[in-house]
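The values are calculated or read from the model by the stated rules, or taken from the named source; none is laboratory data. Quantities reported herein were computed from a predicted structural model and do not represent experimental measurements. Cβ atoms come from the backbone with ideal geometry, glycine included; neighbour counts cover every protein chain shown. All accessible areas refer to the heavy atoms of the entire protein, side chains included, with ligands and DNA or RNA removed. Shrake-Rupley method; radii C 1.70, N 1.55, O 1.52, S 1.80 Å.
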Amino acid sequence: MDESFSILELPPQLCKKSKGETVEVKHFVFEDLLDSQEKLICRHAEIDENFSTYLYLLEKKRDSFFSREEEKPLGCYLGYRAGVLYTFEDFNFKINSFDEFTLLSEAVEVTTGTSFFFELCNLCQLPQELSGEIELLLSIYSRKVKRIPPLTHFDQIADENREVLKMAVKGNPRAVEKLEREVGEEEAKRLIKEFKTRPEELFDTCILSSEGSYSVVGIVTALGTEEVEGRQLTVVDLFAEEFELRVLSPHVEPVKEGERVALSGKMFAVAVV
């Protein structure tokens with residue numbers, strides 16, 4: 001079940017009281033999960049020019065002629081249409097059953113070849129089969145963004161082995177073996193331990209994803225605000241590694257442009273349609 005409302009401390013009633021168009025979701029990723037009497041539907045509603053809600057329900061017909069259709073809520077997603085624009089291909093959806101409903105997707109950013117993991121909020125507005133490249137607006141929803149001091153020591157060994165270190169931290173045994181060959185067993189243990197506990201002391205900026213969640217250390221490039229149903233959110237634009245990112249959070253420590261911040265959260269996407 002999606003957690004976008006709780007992450008941003010917004011009332012979940014946003015979905016229930018918003019009334020918009022209802023569409024049947026016919027995307028191929030759900031074909032094997034639906035039986036002959038079931039269909040997936042989506043209720044989409046606009047909150048304002050930047051925010052929309054997407055409520056997904058499993059609708060099941062009863063055998064009795066006089067019985068009404070049953071609807072089981074699966075998840076309600078908050079889409080933010082002012083995210084950072086990127087182009088993606090090679091989509092891989094992570095849903096395996098309606099008991100653990102998710103719109104979690106993995107796709108490749110075409111310019112860098114980097115894989116991103118995100119909840120694709122408006123899958124119901126896309127064609128049944130995806131082909132070619134798709135433009136997405138990406139945002140990270142985070143409960144808190146904290147200010148951190150500038151990097152005082154540049155760890156060249158960590159920087160030279162950044163990508164294999166990322167995989168080793170996730171528990172990839174081949175990456176661990178490769179890192180040990182490159183830097184030695186003890187140094188590999190040190191790097192993995194420090195990356196897990198204090199990544200901001202190894203890298204000026206970094207992005208680490210795991211199970212659909214992101215940990216980010218970045219440089220602030222701009223600050224702004226958004227208001228949803230009377231709740232104020234801070235918008236933080238970041239530069240991390242080679243990427244521009246946009247973060248929505250209800251709690252941001254006092255920070256200025258050019259300063260470093262650290263955060264964790266989930267990435268959400270709205271496809272440009």
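Spin-label model, Glu3/Glu182: points 7 Å from Cα along the beta carbon direction are separated by 3.1 nm.
Only one residue of Phe154, Phe203, Tyr214 has its Cα farthest out toward the positive end of the dipole of the range 150-215, where Lys and Arg carry +1 and Asp and Glu -1 on Cβ, and that residue is Tyr214. The angle between the Cα long axis of helix 173-183 and the longest principal axis of the Cα atoms of the chain comes to about 20 degrees, rounded to the nearest 10. Per residue of the chain, the DSSP helices (runs of n ≥ 4 H) give a summed -39500 (n - 2.57) that works out to -4500 deg cm²/dmol at 222 nm. About the centre of its Cα atoms, the chain shows a dipole size close to 840 debye [charges on the beta carbon of Lys, Arg (+1) and Asp, Glu (-1) only; nearest 20 debye]. Since only Ser97, Leu78, Leu40 are under comparison, the one whose Cα sits farthest along the positive direction of the charge dipole of the range 34-103, derived from C-beta charges on Lys, Arg, Asp and Glu, is Leu40.
Three principal axis extents describe the C-alpha atoms of the chain; from largest down they are 71, 43, 30 Å. Placing a label point 7 Å from the Cα of Glu135 along the Cα-to-Cβ direction, the residues of the range 78-116 whose backbone N falls under 15 Å from that point are 81-89, 110-111. Spin-label model, Thr221 to Glu46: label points 7 Å out along the Cα-to-beta-carbon direction sit 2.8 nm apart.
Listed by chain and number, the aspartates and glutamates whose C-alpha is less than 18 Å from the C-alpha of Lys60, apart from same-chain residues fewer than 8 away, are Glu24, Glu31, Asp32, Asp35, Glu38, Glu69, Glu70, Glu71, Asp99, Glu100. For the set Phe268, Phe154, solvent exposure ranked by accessible area (probe 1.4 Å, protein chains only) runs largest to smallest as Phe154, Phe268.
Here's the picture: a label point sits 7 Å out from the Cα of Arg198 along the beta-carbon direction, and within the range 210-253 the residues with their amide nitrogen under 20 Å of it are 215-219.
Counting only alpha carbon atoms, the long axis of helix 185-197 and the longest principal axis of the chain meet at about 50°.
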